[in-house]
Structure formats: structure tokens, C-alpha cells
Amino acid sequence: MRKPVDNTIFNNIKPLFSELYNTLAGIFQNVSILVESSRGRNYRHSKSGTTIKDNMFTSTGAVIRYSIKGNDNLLEYSFNDFSAEFLETIPSILIKYAAADSRTDHRFSNRFEENPNVSSTQAATANSDMVSNASADSAQTVERLSFNYSTEYEINPSDLSDNDILKALRSLYQKAMDYDERILDCVCVFQYLTTHKMFLSADKDLQQHLLWSNGILQPLAGTSEKKRYYLQTFSLSGGAELLEEMDSDFSYACRCAIDLLDSVVPTPGTYDVICMPDVTGLIAHEAFGHGVEMDMFVKDRALAQKYIGEIVASPIVTMHDNANTCMECGSYFFDDEGTLSRDTVIIENGILKSGISDLLSAVRLKTTPTGNGRRESFERKAYTRMTNTYFEKGSDRLDDMIASIENGILLENAASGMEDPKNWGIQCMVNIGREIKDGKLTGKIFSPVCLSGYVPDLLKSISMISDDLHISGCGCCGKGYKEWVKVSDGGPAIKAVVTIS
């Protein structure tokens, strides 16, 4: 039986933040407050031992966004002291920073951060008369959208002890080691994160409570001549029930790791390929995920900006970025700027329809924000970021797709990728390529496999799309090499033409 994530975590502090919001709204314009509390754990077991540590996204704090009346500069202030004494000092602190900013020439978004551990005695007290005279009623001029939503789970990982989770991972490790004498080691990982967020603004009073879980099985197979690994990932919007799925599916990763011991490097060239859902997802993420992040449009760093409304893919291709109805690790009910999540159709029947945007880039571009403004934490800036990015399923059977290929490769186990949004180049590393000859898998394995090409050429070459859909969210996405957020990607299997090296 599935249960909702606890939605009462902010009950004690919400009155304090509501009072703070009302005070600030009487002084400044465009006031919003995002409050975050995220907690999770990461468990790992292998031959080298066991580790337990906090999830990388564990964080508790708040960020205030505001502007001075008569000035379009947006300022931000973040902190992690939720005491009533400290919250009372914040209006004076923001007035001080606003006064400093008014003497500079910024036109977009600025960020000011006080020491998050500052005490009330250290806080600025200037302009206290403005604070005391602020009208709380001025914040209540429009009707507010209000909700308090939760995702669901079957087993809450935080209800389990560390030993409970490690026992499951040790059992998986032992099963992998017993599978075949060529299995030398197996990294077994389980991690989860529970995220609670509250957003207050003139027209919104929102809360969301989310739980996602990830698993990894990475067996290492070896002989005296060669060693190879296979990375199998598991993810869901939910809890520790994922451990049961990992247990039921452990043998596939072991079998693939052993298959890789006989792999050879492919002959470079142009091939018909079948991309399995994880590779399809990597293409979606790299090709028209990063490529349509509209903060890159503002900076004129994405070629896609010039092709909205143009044909960029096969007419059977439709692609989404969807935090709203696709429940995976990249899902949420509202983004970190308070914009409600939605299903954004990026490509529809081969035509590039829309990019994805945060609030500020949408304002600059005079478009509607798509709910993709995301922060790594309360201490970091919001950027346009992907959520769950995937291709729609089609109507073809995978067996028929394989049968249609005379000489090609089936690609699975995506490893990494990179893209060039300015020139639409893409490169994806794949761990396994399975040879197809005369419509049948021969059993020959290629590894490693690098596919590359010009994004529109690759997408226009798609001629068949399978009738199933698989989305996975075990990884994270950086903006360049930093600003990490949780994302998912995937799709069906696709048949395409790519360059292999």
C-alpha cells in the first residue's frame, strides 16, 4: 500500500515565514521566499568495504528574492537560521543590501549572501523605522494559489535502520559473487532523498514533499587478460521498495559483465543502430535537453533558438520535458521559483516547438516560463534545468526493428555524453554494442562504442520507434561542470543512423 510523504514538516515554522513575507512585501516588490529541507542517505557495499554518508543534496535553508520599488534589479539573500530572533533581523539586512545595490548598475539578477550562521546581535539594524512601519496587509492584494502535495512510497527508507539497508546490499553482493567465478567484485548502492519545499509569494502559498530512491549494481568481471564492468541502474519516485526490484534483477548485470569479456572494438563507420531506452534517453538529454535550455538563448549560446517552428527530426519523433505527469526522480509540483510544473513538448512530429525556461529567462525572452527554474540548493542560483526528458513511444515491435537491419549494432548501457548547443554536435559513449547481421543478433559484442553526429541529422534518420517506454533517473545533471540537480531521461528503443567510432 502506497502512502504519502509527510506534509507537516513546515507546520511549526510556516507562521514565522508568513509573517516575514508580509513584512517584506510591505517594503519591497516581487518578494518570494523558498524554504527547503532535504534529507537522505547513500549506502555503498563492495569488496573494498561499506560506506554510509549523507546524500549529496542534503540541505536545509531558505532564499528570499526581492526588488526595490521603482528598480527592476532582482536581489537574493539565503540563510539557514530559522529562529524567530534571526528572522526578525532579515528585513533590516535586506534594506541594507538593497541600498548598496541601488548604487550599482545591474540589470538582471544579483546575489547577496550573509553568513548563514549570523546571530541576531550581528545583524544589521539600519532603517528599522521602515521595517516597523511596513504594512502586512499590502501582501494580501491578490488571491493566492495554495496547495500542499506529496508523492507516495511503499517503504520509507528513513523507517529502516542502516543495518536493514546494508543487509539487503550485502545479500545482493553475495549473489553477484556466487553467480560466476569470473565476477571479481560488485558495487551495490542504494540512495534516497526526501525533499520538502515551501514557496510563498503574492499569489502562491505552496508546499511539496517528494521522495525518490536510486540503486546501482556494478559487477566487475575479469580474466587474466581482461576486466570489464556493467553498470545497471534502478530508480523510482518512491522508497526502499526499490531494493526488492534490484534483488529480482541482479543476474542481468552479471551476465552482461561476463559478455563484455569477449568484446572487441567496432570498426569505425556509419551504421544502422537500435538504441535501447537508456541510450535513447542519453540522446534526448544531450541533443535537445541542454540544447533548448532558454537561459542559453538569452546568452546566444544555443543554435536551437533559431529553429523554433522548424523541422529538426523525423516526423515520427515527439519529445517531452515533463516534471508534472511523469513520476520519476526529476518530478516535482513546482520549481524553485514557484512556477508550477508542466509537460513541455519540445519536439512534436519532428518540429521544434519549444524550449524550457526558468522565470528570468522567460521574462527576458517574453515567453511563458515552463517551470524549469531549479537550484542545486538554497545557496545557489536558479538556472534553466531539465526534469524528466524523453522521447514518446511509437508503434513498432523491437523484434521487427532488429529484423529490419542488414548490418548494424544494437546499443545499450549508456555511459556518458556531451553536446555542443552552439553547433549541435553530439557525442555519446555506450558500454555495449551487439552486432546485428541479416536481421538477427549474432552474439558478437563491441565495446566501448562512441556514437556521434550532427543532432538534426541523427534525429531525422529515426525510422522506427518501439512501443514501450522506460525512463530512469539514477544520474545527476550539471550546468557545465557544476550546479547539480536530479534528472531522469529515457524513451523507447529507436532505429537511427549514426557514426560509430
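The values are calculated or read from the model by the stated rules, or taken from the named source; none is laboratory data. Computed from a prediction, not measured in an experiment: that's the story for all the values here. All Cβ positions, glycine included, derive from the backbone under ideal geometry; neighbour counts span all protein chains shown. Side chains included, ligands, DNA and RNA excluded: accessible areas come from the protein's heavy atoms. Shrake-Rupley method; radii C 1.70, N 1.55, O 1.52, S 1.80 Å.
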Where a residue in the range 267-287 is within 17 Å of Asp396 (Cα to Cα) and its partner, wherever it lies, is open to solvent by 40 Å² or more (accessible area, probe 1.4 Å) and outside any strand (DSSP E or B), with Cβ under 9 Å and at least six apart: Asp272/Ser404; Asp272/Glu406; Asp272/Ser463; Ile274/Leu398; Met276/Leu398; Pro277/Asp468; Pro277/Leu469
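So is Ile347 modelled with pLDDT of 95 or more, more than 30 Å from Phe57 (Cα to Cα) and in contact with a Lys or Arg (Cβ under 7 Å, 6 or more places away or on another chain) or not?
Here the answer is yes, as Ile347 does meet what is asked.
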Residue within the range 445-460 that is in a strand (DSSP E or B), under 21 Å from Thr267 (Cβ atoms) and open to solvent by 50 Å² or more (accessible area, probe 1.4 Å) present: no
Boolean, Ser18 is in contact (Cβ under 8 Å) with a residue 60 or more places away in the chain, of a type outside the set (D, E, K, R) and under 23 Å from Ile95 (Cβ atoms): yes
Residue tally, condition touching a helix residue (DSSP H, G or I) at 6+ places or on another chain (Cβ under 9 Å), part of a strand (DSSP E or B) and either of a type outside the set (S, T, N, Q) or open to solvent by 40 Å² or more (accessible area, probe 1.4 Å) (or both), over the range 41-74: 10
Conditions (1) open to solvent by 30 Å² or more (accessible area, probe 1.4 Å); (2) at pLDDT 50 or above; number of the one not met by Asp137: (2)
Matching entry among Ala382, Ala403 (being among the aliphatic types (A, V, I, L, M) and free of Cβ contacts under 8 Å to residues at least 40 places away in the same chain): Ala403
Subset of the range 329-358 (residues that are more than 15 Å from Gln208 (Cβ to Cβ), acidic (Asp, Glu) and either in contact with a helix residue (DSSP H, G or I) (Cβ under 6 Å, 6 or more places away or on another chain) or part of a loop (DSSP other than H, G, I, E, B) (or both)): Asp358
Which numbered condition Leu34 fails, given (1) open to solvent by less than 20 Å² (accessible area, probe 1.4 Å); (2) within 17 Å of Cys188 (Cα to Cα): (2)
Filter result (farther than 16 Å from Met464 by Cα, among the hydrophobic types (A, V, I, L, M, F, W, C) and surrounded by 15 or more Cβ atoms within 10 Å (Cβ to Cβ)) within the range 259-283: Leu260, Leu261, Leu282
Flag for Ser377 being small (Gly, Ala, Ser), more than 14 Å from Ile500 (Cα to Cα) and in a strand (DSSP E or B): no
